[in-house]
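Following: one structure in structure tokens, then a few remarks.
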Amino acid sequence: MNIVDRIWNSSLGKKYLMALTGGALFVFLIGHLVGNLQVFGPPDLINGYAHFLKSKPGLLWGARLGLLACVALHIASAVTLAQLNAAARPQPYATKGAYGASKASQYMLPTGVVIAAFVVYHLAHFTVLLPGVNGVGDFTKLKTVLHGEEIPDVYAMMVLGLQVPWVCVFYLIAQALLFTHLGHGLAAMFQSLGFRDHVWWPRIQCFAKAASIALLIGYSIIPVAICLRVVGSDYVERKKYDLKAANSQPAPALVAVQGKEAK
Amino acid sequence: MKVTLKVWRQKNRNTPGSFKTYESPELNENMSFLEMLDVVNEALANRGEEPIAFDHDCREGICGTCSLVIDGKPHGPHKGIATCQTYMRSFKDGDEIVVEPFRAKAFPLIKDLVCDRKAFDRIQHAGGFITVRTGAAPDANSIPVPKENADLAMDAAQCIGCGACVAACKNASAMLFVSAKISHLGLMPQGQPERYKRAKAMVDQMDAEGFGACTVTGSCEAVCPKEISLDFIARMNRDYGVALLKGDPKAIKGGGAG
Ligand code: HEM
Ligand code: FES
């Protein structure tokens with residue numbers, strides 16, 4: 001049997017895959033958060049950063065494909081293990097089972113499924129820029145000028161996108177579920193990979209708590225600050241005004257800015 | 001005191017079962033849970049009804065034969081205690097107590113509260129041993145063993161193989177049992193030569209028996225009458241990972257003599 005077979009066809013092998021891919025996604029989440037927090041700086045900061053990423057297609061697509069592979073493997077092993085686990089107890093107990101198990105540990109699949117749904121929405125929202133899902137308009141029309149070059153206005157897109165209350169709420173729900181997923185998952189990851197003993201387990205649990213709380217706070221303050229008009233609202237208002245002044249006809253970008261009323 | 005029992009009754013593997021409710025006769029609160037069942041059974045037998053079948057042997061918490069899920073927890077309300085060491089004083093007069101068998105695909109039901117736990121024996125046969133000649137007992141301390149390892153190995157060796165870990169786990173996973181058996185040998189010098197082969201063989205047999213996988217919920221550790229730690233599962237994961245990377249050993253032609 002080759003090693004791929006051996007890993008895929010054993011329960012522990014799949015746990016290794018789940019832990020490694022989950023760990024890789026966690027590392028991505030840290031990087032992604034650092035990138036996103038630049039929205040608290042001047043607009044040029046995050047716009048320049050986004051432009052920099054776009055200008056390295058090799059790096060960008062390498063990372064995208066790597067992440068996609070991680071997500072696919074993570075979900076495939078989660079679903080196949082969940083089937084195995086369900087089959088292992090054909091007749092359930094009449095009484096409440098899972099004695100001593102935390103809620104987070106029992107609901108890893110449901111929280112994971114909602115996170116997956118969120119990831120799909122998030123990609124449609126801010127990566128593919130599907131106009132139909134954002135409740136605002138066509139984000140591809142949002143442009144700004146940096147160092148004499150016309151580039152996408154990511155700052156305006158984030159602000160306009162997250163000012164929509166239901167979008168903000170969905171983002172926050174996803175973050176809450178990611179928090180429970182990681183609160184259990186990050187500790188379980190060390191267990192699955194065998195890095196645990198009586199000395200390290202309390203430290204690992206502490207790390208899992210701290211890291212999941214840090215990500216929850218980091219990722220939640222962005223939509224909250226935007227939705228409460230703490231960040232960027234004067235910028236997008238000015239943008240709407242500039243566009244109106246430049247053009248008595250609503251410019252294409254204005255449709256994006258003004259939202260549905262403009263149509 | 002008296003209690004009401006809601007007990008799973010099932011004639012045999014192929015007949016569907018159901019819960020039946022019984023009023024116990026007057027009980028002494030210092031009876032063990034199993035003695036209470038004996039008394040209930042005596043009353044049933046006197047009425048000409050079939051007694052409730054349940055597993056038991058040593059009744060002193062060392063053999064791992066007793067089972068039962070009592071009010072949703074394998075081995076009843078206490079921590080670190082088997083059903084046979086659970087006493088009626090842990091319940092109140094008039095309580096309704098729900099008693100179910102251990103439920104898992106790999107533990108098929110035989111009758112009432114008795115299930116077949118031979119899957120554990122087959123996992124042991126797959127690798128839970130050390131291949132050495134038995135002979136006269138070796139001199140004490142002829143093989144040095146670090147004290148920490150000896151202690152850990154003893155912790156793992158406490159496993160009585162009752163199957164409560166499987167019964168409690170939401171995935172019916174046997175990893176606590178298997179990891180305890182792998183660890184108690186793998187921590188000793190005598191267990192080293194077959195350490196990775198053993199881990200691989202026992203985990204593979206565990207998978208073949210149809211147990212679920214671990215999701216680190218900790219239910220097993222919480223109900224284990226010997227309080228075996230999840231640390232051992234991590235240790236097993238480590239050993240199995242090494243075994244996976246090593247692959248199968250080179251096949252040897254001919255006899256092994258010489
Ligand atoms: C941002 C995305 C995600 C991250 C960072 C992440 C992270 C993790 C980590 C670190 C683990 C622990 C692995 C282990 O048990 O050894 C885990 C487990 C798990 N994840 Fe995810 N995950 C993500 C998305 C998902 C998605 C989309 C699903 C959807 C199906 C999912 C389902 C699961 C399940 C079922 C487990 C198993 C829990 C267990 O066995 O204890 N996860 N995840
Ligand atoms: S009957 Fe032997 S451990 Fe309970």
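Nothing in this text is a laboratory measurement; each read-out follows from the coordinates by a stated rule. As the structure is a prediction and not an experimental result, all values here were calculated from the model. Here Cβ is always computed from backbone atoms with ideal geometry, including for glycine, and neighbour counts include all displayed protein chains.
Using the count of nearby Cβ atoms within 10 Å as a rough guide to exposure, how do A:Y235, B:Y196, A:Y99 rank from fewest to most?
Result, fewest neighbours first: A:Y235, B:Y196, A:Y99.
I need the calculated FRET efficiency for the pair A:L67 and A:L109, taking r as the beta carbon distance and R₀ as 22 Å, to the nearest 0.05.
0.60
Modelling each spin label as a point 7 Å along the Cα-to-Cβ direction, I'd like the A:S102/A:V119 distance in nm, to one decimal.
With each label point 7 Å from Cα toward Cβ, the separation is 2.2 nm.
So for chain B, averaging the separation of alpha carbon pairs under 8 Å that are six or more residues apart and normalising by length, what relative contact order in percent results?
For chain B, the relative contact order is 19 percent.
Check every DSSP H run in chain A and write down those whose alpha carbon atoms cover 18 angstrom or more along the long axis and whose mean Kyte-Doolittle hydropathy is 1.0 or greater.
A:11-36, A:57-87, A:108-126, A:165-192, A:200-227
Of the listed pairs B:K226/B:K250; A:K209/B:K197; B:K118/B:K197; B:K118/B:K170, which have alpha-carbon separations greater than 31 Å here?
Going by Cα-Cα distance, B:K226/B:K250; A:K209/B:K197 fall outside the 31 Å limit.
Please compute the Kirkwood hydrodynamic radius over the protein assembly as shown, one decimal place, Å, based on all pairs of different Cα atoms. Please report the intermediate quantities before stating the final value.
Details: mean 1/r = 0.0371 Å⁻¹.
In the protein assembly as shown this quantity evaluates to 26.9 Å.
Longest segment of chain B with no trypsin sites (Lys or Arg not before Pro) in a DSSP loop having at most 15 other Cβ atoms within 10 Å?
With a cap of 15 other Cβ atoms within 10 Å, the longest stretch comes to B:134-249.
Could you derive backbone 3J(HN,Hα) for the stretch B:58-72 from the dihedral phi with the Karplus parameters 6.51, -1.76 and 1.60 (θ = phi - 60°), listing whole Hz in sequence and x where the residue is Gly or Pro?
Working through the residues one at a time gives 5, 6, 9, x, 10, 9, x, 8, 5, 9, 6, 9, 10, 6, x Hz.
Take every DSSP beta bridge with both residues inside the stretch B:4-111 and express the antiparallel ones as a percent of the total, to the nearest 5.
Rounded to the nearest five, the antiparallel share is 75 percent.
Using the Karplus curve 6.51 cos²θ - 1.76 cosθ + 1.60 with θ = phi - 60°, what ³J(HN,Hα) values do you get for each residue of the stretch B:98-105, in whole Hz, with x for Gly and Pro?
8, 10, 10, x, 4, 10, 6, 4
Within straight cross-link reach of B:K92, meaning Cα distance under 12 Å, which aspartates and glutamates are found once same-chain residues fewer than 8 apart are removed?
Straight-line reach from B:K92, under 12 Å: B:E29.
So if I take the centroid of the Cα atoms in the stretch B:1-72 and the same for the stretch B:100-141, what is the distance between those two points in Å?
Rounded to whole Å, the Cα centres lie 25 Å apart.
From the residues A:G48, A:G185, A:A63, which one has its Cα farthest along the dipole of chain A in the positive direction, the dipole being from +1 and -1 charges on Cβ of Lys/Arg and Asp/Glu about the Cα centre?
Final value for the positive-end residue is A:G185.
Would you please give the FRET efficiency between B:Q192 and B:E227, computed as 1/(1 + (r/R0)^6) with r the Cβ-Cβ distance and R0 = 25 Å, to the nearest 0.05?
After rounding, the FRET efficiency stands at 0.40.
Any idea how far the Cα center of the stretch A:72-97 sits from the one of the stretch B:216-236, in Å?
Value for the Cα centre distance between the two parts: 19 Å.
Quote to one decimal, in nm, the extra length available between A:V169 and A:Y241 on full extension: 0.36 nm per residue of separation minus the C-alpha distance between them.
Length difference between fully extended and current span is 23.1 nm.
Provide the FRET efficiency to the nearest 0.05 for the A:F195-A:A86 pair, computing r from the beta carbons and using R0 = 22 Å. Walk me through the numbers before you get to the answer.
Numbers: r = 28 Å, r/R0 = 1.28.
So, using R0 = 22 Å, E works out to roughly 0.20.
Past the 23 Å Cα-Cα mark, which pairs from A:K15/B:K111; A:K14/B:K147; A:K14/B:K73; B:K105/B:K181?
Distance filter (> 23 Å) returns A:K15/B:K111; A:K14/B:K147; A:K14/B:K73.
B:A43: net charge of surrounding residues, Cβ under 11 Å, Lys/Arg +1, Asp/Glu -1, itself excluded?
Surrounding charge for B:A43 is -4.
Leaving out same-chain residues fewer than 8 places away, which lysines sit with a Cα under 27 Å from that of A:K143?
Within the straight-line cut-off, A:K143 pairs with A:K54, A:K56, A:K239, A:K240, A:K244, A:K260, A:K263.
Please rank B:H184, A:H184, A:H198, B:H75, fewest neighbouring Cβ atoms within 10 Å first, as an exposure proxy. Mind dumping the intermediate values first?
Numbers: B:H184 21, A:H184 24, A:H198 11, B:H75 27.
If I rank by nearby Cβ atoms, fewest first, I get A:H198, B:H184, A:H184, B:H75.
For B:I97, what residues show an amide H to amide H distance below 5 Å, using hydrogens built from the backbone and excluding near sequence neighbours?
So B:I97 has HN proximity to B:T4, B:L5, B:K6.
Provide a whole-number value for the mean count of partner chain Cβ atoms within 10 Å of the Cβ atoms in peptide B:216-223. Mind dumping the intermediate values first?
Working: counts 14, 12, 7, 8, 3, 1, 4, 2.
Per residue, the average neighbour count from other chains is 6.
Going by how many other beta carbons lie within 10 Å of each one, how would you line up B:C224, B:C58, fewest first?
Result, fewest neighbours first: B:C58, B:C224.
Please list, or write none, the aspartates and glutamates whose alpha carbon is within less than 19 Å of the alpha carbon of B:K253, excluding same-chain residues fewer than 8 places away.
Within the straight-line limit of under 19 Å, B:K253 reaches no aspartates and glutamates at all.
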